[in-house]
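The values are calculated or read from the model by the stated rules, or taken from the named source; none is laboratory data. Bear in mind that the values here come from a model prediction, so they are computed numbers and not experimental data. When we count neighbours, we look across all protein chains shown, and the Cβ atoms used for this are built from the backbone with ideal geometry, even at glycine. Surface accessibility is based on the protein's heavy atoms, side chains included, excluding ligands, DNA and RNA. Shrake-Rupley method; radii C 1.70, N 1.55, O 1.52, S 1.80 Å.
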Amino acid sequence: MDKKIKIYAIIYEKEKFMKYTEFGLVNTTDMFCDAIRNKYAVPAFNFYNMETLDAILKAAHITHSPVILAVSESAMKYMGDDILIGMIRGAQISTSDKIALHLDHGHSFDACRHAIDLGFSSVMIDASHLSLDENIKLSKQVAEYAHKHNVSTEAELGLLAGTEDENTSGTQSSFTNPADVETFVNATGVDSLAIAIGTSHGAHKRTRNDQELRFDILADIAQRLPGFPLVLHGASNIPQKLVTIINEFGGKISGARGIDTVQLRRATNMNVCKINVDSDLRLGFTAAVRKSLSENPTNFNPRDFLSAARTTMTQICVDEIKSIMGSENKI
Ligand code: G3H
Ligand code: 13P
Ligand code: ZN
């Protein structure tokens, strides 16, 4: 091999397996401690391209909020490892920014190990569809590997409903059984627990406006796990103004309804210190692109409509950090 190429290959391999501190990332341990103590939630926003990543980081910067950058397995596949890690490196994050890079809904030990080896600072093992014993076994295996690399681990008990992603089992849901949570956390050693109390993935979360989350279950869990970080998935607010714009400019989304702000704020007072949002940014992206293309029919420069999408998503993140998470100025 040419000497120059060999040196490049060595540098490349070294960079590929750099750990998260080298990207300026942090794990979620200190974030969650502070969030529980001060009763707010750290937002976990999903990203899958440059525009979504940049919008989230910009919002974190504007609001001085810690943020968790969430990447699903399918988003990882979409971006490819090298582009994903290249973008994270290019974002020039500093440890003082309090940014974590998190694998969202890892479905196997291998998926979690791969993310950890790439430089993720936090992983979720989602074995919630398995039996309690199998869920414990797999979550424990991931937590042990993650902890060797100082990476935080989230696991899930209970099943979320949802029909618009690959991470939930259709319309079936089952609330988390509070009687299982202590055994699960003690047996697995995980650092945070995602629970099912009535949220669901996608844009169709409720059939009525007055539908409440199961705060009785949340209170029971929080009492059994004092000071332990809890996580809400499927917690998008589904702003109706975005749905209206989408439909006004040619979209067809009906019956979309999210979790209301007041209920999410209430959950942050009960040890929920991570709130996951993906659908709201998807709606914002789509609304901005549809509007821009429709209002500028002669335009065919993607940078124009993608800029509109990026600005809209930044604003959504800023709004939710302030009105839902309570994480503004918490760096
Ligand atoms: O709950 C997960 C997110 O909504 C990610 O969905 O797998 O389609 O990227 P995705
Ligand atoms: P939403 O579909 O409510 O945005 O949920 C996102 C999520 O839970 C990602 O893990
Ligand atoms: Zn989720």
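Quick check on my filter: what residues within region 314-331 are part of a helix (DSSP H, G or I) and surrounded by fewer than 24 Cβ atoms within 10 Å (Cβ to Cβ)? Across region 314-331, the qualifying residues are THR314, GLN315, VAL318, ASP319, LYS322, SER323.
Right, SER254: at pLDDT 95 or above and more than 16 Å from ligand 2 (Cβ to nearest atom) or not?
Numbers: at pLDDT 95 or above: yes; more than 16 Å from ligand 2 (Cβ to nearest atom): yes.
For SER254, the condition - at pLDDT 95 or above and more than 16 Å from ligand 2 (Cβ to nearest atom) - is met.
Of the listed requirements (1) more than 26 Å from ASP180 (Cα to Cα); (2) more than 13 Å from the chain's Cα centre (by Cα); (3) open to solvent by 20 Å² or more (accessible area, probe 1.4 Å); (4) within 16 Å of ligand 2 (Cβ to nearest atom), HIS107 misses just one: (1).
Is region 179-197 home to any residue that is in a loop (DSSP other than H, G, I, E, B) and modelled with pLDDT under 95? No, there is no match, as no residue in region 179-197 is in a loop (DSSP other than H, G, I, E, B) and modelled with pLDDT under 95.
Only one of these is within 14 Å of ligand 2 (Cβ to nearest atom), in contact (Cβ under 8 Å) with a residue 24 or more places away in the chain and hydrophobic (A, V, I, L, M, F, W, C): ALA187, ALA219, ALA203. Name it.
Exactly one residue qualifies, and that residue is ALA203.
For region 77-93, state whether one or more residues are closer than 26 Å to VAL231 by Cα, modelled with pLDDT of 95 or more and open to solvent by 60 Å² or more (accessible area, probe 1.4 Å). Within region 77-93, one or more residues are closer than 26 Å to VAL231 by Cα, modelled with pLDDT of 95 or more and open to solvent by 60 Å² or more (accessible area, probe 1.4 Å).
Of the residues making up region 278-307, those that are out of contact with any Asp or Glu (no Cβ under 8 Å at 6 or more places or on another chain) and of a type in the set (A, V, I, L, M) are LEU281, LEU283, ALA287, ALA288, VAL289, LEU293.
Might you let me know whether region 218-241 holds any residue that is open to solvent by 30 Å² or more (accessible area, probe 1.4 Å), under 17 Å from GLY284 (Cβ atoms) and more than 18 Å from the chain's Cα centre (by Cα)? Yes. Counting the residues of region 92-141 that are more than 16 Å from ligand 1 (Cβ to nearest atom), in a loop (DSSP other than H, G, I, E, B) and on the phi < 0 side of the Ramachandran plot gives 5.
Please verify whether region 103-120 includes one or more residues that are touching a residue at least 60 places away in the same chain (Cβ under 8 Å), closer than 16 Å to VAL151 by Cα and hydrophobic (A, V, I, L, M, F, W, C). Checking region 103-120: at least one residue is touching a residue at least 60 places away in the same chain (Cβ under 8 Å), closer than 16 Å to VAL151 by Cα and hydrophobic (A, V, I, L, M, F, W, C). Of everything listed in (1) open to solvent by less than 10 Å² (accessible area, probe 1.4 Å); (2) hydroxyl-bearing (Ser, Thr, Tyr); (3) touching a strand residue (DSSP E or B) at 6+ places or on another chain (Cβ under 9 Å), the single unmet condition for SER72 is (1).
For region 258-303, a residue qualifies if it is polar (S, T, N, Q), surrounded by 20 or more Cβ atoms within 10 Å (Cβ to Cβ) and assigned to a loop (DSSP other than H, G, I, E, B), and exactly one does: ASN271.
Name the residue that is farthest from ligand 1 (Cβ to nearest atom), counting only residues in region 27-45 that are outside any helix (DSSP H, G or I) and open to solvent by 10 Å² or more (accessible area, probe 1.4 Å). Applying the filter and picking the extreme gives LYS39.
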